[in-house]
Amino acid sequence: MIERLLIANRGEIAVRVARTAKRMGIHVIAVYSDTDAAAMHVAVADEAVRIGPDAAAESYLNIDAVIAAARETRADAIHPGYGFLSENADFADACVAAEIRLVGPSADAMRAMGDKAASKEVMSKADVPLVPGYHGADQDPAMLAKQAAEIGFPVLIKASAGGGGRGMRIVESADAFDEALAAAQREARGAFGNDRVLIEKYLTTPRHIEVQVFGDDHGNVVHLFERDCSLQRRYQKVVEEAPAPGMRDERRAEIGAAAVAAARAIDYSGAGTVEFIVDATTDGANGPFYFMEMNTRLQVEHPVTEFITGLDLVEWQLLVANGEALPLEQGDISLKGHAIEARLYAEDPDRDFLPAPGHVVAFEVPEMGASVRIDTGVATGDDIAVSYDPMIAKVIAHGADRDGAIAALDGLLAALVCAGPVTNQAFLRRAITHPDFVCGAVDTGFIDRHRDALIPLRDGVPDGALAAVVARLLAQRARQAGDQASARGEANSPWAASDSWRANLQNAETLLFRDGESEVSVCVVHDADRVSLTLSGGQSVDLETGCDGWSAFVLGNIYFAVAAGSQIRLERIVAVDEASDRAGASGGLNAPMPGKVVRVMVAADEQVSRGQTLMVLEAMKMEHAITAPGDGKVAAVFFAEGDQVAEGAELLQLEPVED
Ligand code: MV4
């Protein structure tokens, strides 16, 4: 019986695995890199071990460090989660050598499925359908060209060792073949150190449909139905659902049986996923299906399967690792309702979904219920690190039917507050409410095809967002004024009153913000009993009633307005006269962007004058000076030269000069 489980992972999956393990009475051991020392996955564990610095190669991918941590903590099993070491056969061997159970399949099963051409050979022998193609060892270019012609154009050349679209080339006609082959081989050699390729008939409208399978060490194999993961960008999934929209029960039974045959062909034990590609040209999810690859681990999107089956897949993994038989037979497993998962990423849809790591200023999760679930390893105040995957959370909803699931997921995405990093939150809402998604017309081209509708250009800053930002700014000033007053022992002074934040009450003040490339100005008008804004369009907005559902968060001089899953980032442009207006500079100075500290020019207790350069950051190959906003004294310096800093990180603390 597993009593002490080490989880060799981080983030939401480590938190997820810990939840079930603890419920089963298992002692949970976390591992962490330096940057993760205070992460949620460490906090939820019973015990935690540092395994190395931030670089994954030196921590979460370091087999020796993980095994040493397991030995040191007397773990009797290791759960690898997904990614990192989860499909690493050498790691599986190392676990065997250390006499620690790995919650996962054998090293042999991992090796059998690790190479695309080899895995297709195994599946072909087991009568699992394959895309018409060639996956032999003979790589003579003339022979490959002949194979392509026999298959019929268009064909797809794929790297045998590949993944993630690298080393892949579509070839439309015979005369383009030789050049495409050379390019695919070059790319494969560079990416995988192996230039072997396979050639397949190219499907122009494919769906990615995968089947969850489970095996045990007693010869039982079952499937837990399929998931449709067709919504992808950069060959990475963003929305996954179960069951596949429009798939008929008969086809469901066929694809499930094919997946079970695939797992049996390699004596599979534990949780696995058999990926198929479905030709959705004429009959949607019911088109012909072909084996693509098998993933020998638990997958990111397992929660949708848990929702429709009512099962806990991590519990099943732990039971199988204990040597027990699967808890249910195929006939006892039934499908209920529909579930959809959306992956919330720190990435910028406007920049082709480039990762956008940053500081999480606010992460507020709505109340969970029986049909909604958010899996995350992130909390307010965390940084989405550059070193790892930028996924923030998985947002999942279950409904009696697909429409119910869409409505519940959209409501959940609208209620979730995530301020700070640029995210795909608004994009996700648009994707799952797009008419084509709602009617089940999904395929792998969905996001590209609907790019304009899913990623619209924003036209200015909504009045409500601006009102929320100004309200936040005024509240902050009032609090600071109050703090200064109470520090002077003047609890009831006018400084403490929020409606008169300055002794010399100004009737009107212009605030300036940067919104991307453009500037936004707003005039704040203080009347006797109310504050209103005059916007650049001339319209007047009452500060108290005009926020229109927006709320705002602040980090240094950057304001984040959020409403219903959308976020607007405004950078305050502080006029020089306000800085000199203050008695002195005081408070924190924050990094305006993620970067590296290249120079630290002051030390604690040093007197500084307004405009003096205190620190130099390097970001995106450019240097940015951090200067003193006024005369003061350095209270603390939080970083040294060479340190990496997250956006918004407090760099130095200044205090006013004593009179
Ligand atoms: C294909 C295909 C069309 N025809 N194979 C992309 C990544 C790799 N895992 C398999 N991929 C594809 N293989 C044939 N014969 C189209 C894709 C493909 C794709 C597949 C699943 C999900 C998203 C995709 C996006 C573009 C292309």
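Paramagnetic label reach from residue 43 (point 7 Å along Cα→Cβ; backbone nitrogen cut-off under 18 Å): within region 404-441, residues 417-421. Candidate cross-link partners of residue 336 among the lysines, defined by an alpha-carbon separation under 28 Å and a same-chain spacing of 8 or more, comprise 22, 237, 394.
What shape does region 105-238 have by the C-alpha gyration tensor, where a ≥ b ≥ c are the square roots of the eigenvalues, rounded means a/c under 1.5, and otherwise prolate means a/b greater than b/c and oblate the rest? Prolate.
By the scheme Lys and Arg +1, Asp and Glu -1, what is the net charge of all other residues having a beta-carbon under 14 Å from that of residue 355? Can you show the working numbers first?
Numbers: positive: 233, 234, 343, 351; negative: 347, 348, 350, 352, 383, 389, 647.
After counting each charged neighbour, the total is -3.
Here the simple spin-label model places points 7 Å from the Cα toward Cβ, and for residue 599 and residue 267 these points are separated by 6.6 nm. Shown for 608, 274, 541: other C-beta atoms within 10 Å of each C-beta, ranked fewest to most, produce the order 541, 608, 274.
Only counting other Cβ atoms within 10 Å, I'd like 309, 627, 273 sorted with the fewest neighbours first.
Working: 309 19, 627 15, 273 24.
With the sparsest Cβ surroundings first, the list reads 627, 309, 273.
Only Cα pairs under 8 Å and 6+ residues apart enter the sum, and on that basis the relative contact order of the chain stands at 9 percent.
Work from the charge dipole of region 4-103 (Cβ charges, +1 for Lys and Arg, -1 for Asp and Glu, about the Cα centre) and give the residue of 44, 25, 103 farthest towards its positive end. Most positive-ward Cα: 25.
Across q = 0.12 Å⁻¹, the chain modelled as identical point scatterers on its alpha-carbon atoms has Debye log10 I(q)/I(0) values of -1.31, in the order of the q list. Under 28 Å from the Cα of residue 596, which lysines turn up, not counting those fewer than eight places away in the same chain? Those lysines meeting the cut-off are 621, 633.
Multiplying the residue separation of residue 140 and residue 370 by 0.36 nm and removing their Cα-Cα distance gives an extension gain of 77.1 nm. Put simply, the convex hull of the Cα atoms in region 62-147 casts, on average, a shadow of 7.7 nm². Place a point 7 Å from the Cα of residue 24 along the Cα-to-Cβ direction; which residues of region 211-227 have their backbone N under 12 Å from it? No residue passes the distance filter.
Nothing charged except the Cβ atoms of Lys and Arg (+1) and of Asp and Glu (-1): what's the magnitude of the dipole of region 132-201 about its Cα centre? Round to the nearest 20 debye.
Details: 8 positive and 10 negative charges, 61 e Å.
I would put it at about 300 debye.
For region 4-103, the C-alpha radius of gyration sits at 0.93 times the compact-globule guess of 2.2 N^0.38 Å, with N the residue count.
A Cβ-based charge dipole, computed about the Cα centre of the chain with Lys and Arg at +1 and Asp and Glu at -1, lands at about 340 debye. In terms of packing, defined here as the mean over residues of other Cβ atoms within 10 angstrom, the peptides 364-371, 189-196, 420-427 line up highest first as 420-427, 189-196, 364-371. A helix-only calculation puts the chain at -8000 deg cm²/dmol for mean residue ellipticity at 222 nm, using -39500 (n - 2.57) for each DSSP H run of at least four residues, averaged over all residues.
Which semi-axes, in whole Å and largest first, does the equivalent ellipsoid of region 132-201 have when worked out from the alpha carbon gyration tensor as the square roots of 5 times its eigenvalues? All intermediate terms of the calculation are to be shown ahead of the outcome.
Values: eigenvalues 62, 27, 23 Å².
With the √(5λ) rule applied to region 132-201, the semi-axes are 18, 12, 11 Å.
Take the Cβ-Cβ distance between residue 58 and residue 220 as r, set R0 to 51 Å, and report the resulting FRET efficiency rounded to the nearest 0.05.
On the way: r = 39 Å, r/R0 = 0.77.
Computed FRET efficiency for residue 58 and residue 220 comes out at 0.80.
The calculated FRET efficiency for residue 607 paired with residue 650, based on their beta-carbon distance and R0 = 25 Å, is about 0.80. Length gained on full extension, residue 127 to residue 50, computed as 0.36 nm times the residue gap minus the Cα-Cα distance: 23.1 nm. Positive-end ranking of 562, 14, 417 along the dipole of the chain, with charges on Cβ about the Cα centre, is headed by 14.
Using Stokes-Einstein with the Kirkwood hydrodynamic radius over Cα pairs, what translational diffusion coefficient do you get for region 589-655 at 37 °C and a viscosity of 0.692 mPa s, in µm²/s rounded to a whole number? Spell out each step's value before the answer.
Numbers: Rh = 11.6 Å.
After rounding, the answer is 283 µm²/s.
A simple spin-label model places the labels of residue 510 and residue 336 6.3 nm from each other, with each point 7 Å out along Cα-to-Cβ.
Which residues in region 36-71 place their backbone N less than 11 Å from a point set 7 Å from the Cα of residue 640 along the Cα-to-Cβ direction? Once the point is set 7 Å along Cα→Cβ of residue 640, nothing inside region 36-71 turns out to lie under 11 Å by backbone N. Work from the charge dipole of the chain (Cβ charges, +1 for Lys and Arg, -1 for Asp and Glu, about the Cα centre) and give the residue of 257, 183, 320 farthest towards its positive end. Value computed over the given set: 257.
Can you compute the charge dipole magnitude of region 147-270 about its Cα centre, using +1 on each Lys and Arg Cβ and -1 on each Asp and Glu Cβ, nothing else charged? Give it in debye, rounded to the nearest 20.
Working: 16 positive and 19 negative charges, 73 e Å.
Here the size comes out at about 360 debye.
Once fully extended, how much extra length lies between residue 328 and residue 627, figured as 0.36 nm per residue of separation less the alpha-carbon to alpha-carbon distance?
Length difference between fully extended and current span is 101.1 nm.
Bridgeable lysines around residue 158 (alpha carbons under 19 Å apart, same-chain partners fewer than 8 residues away excluded): 116, 120, 146, 201.
So which helices of the chain fit the span-like rule, where a helix is a whole DSSP H run, its Cα atoms reach 30 Å or more along the axis, and its mean Kyte-Doolittle is at least -0.5? Let's see the in-between values first.
Details: long enough: 463-487 (36 Å, 0.14).
Correct list, ordered by number: 463-487.
Computed from the Kirkwood radius of its Cα pairs, the Stokes-Einstein diffusion coefficient for region 172-215 at 37 °C and 0.692 mPa s stands at 248 µm²/s. Arranged from fewest to most other beta-carbon atoms within 10 Å of their beta carbon, 177, 307 become 177, 307.
FYI, it's all coordinate maths here, none of it is from the lab. This one's a predicted model, so the numbers in the text were calculated from it and none came from an experiment. Because the Cβ atoms are built from the backbone with ideal geometry, glycine has one as well, and the counts that use them run over all protein chains shown.
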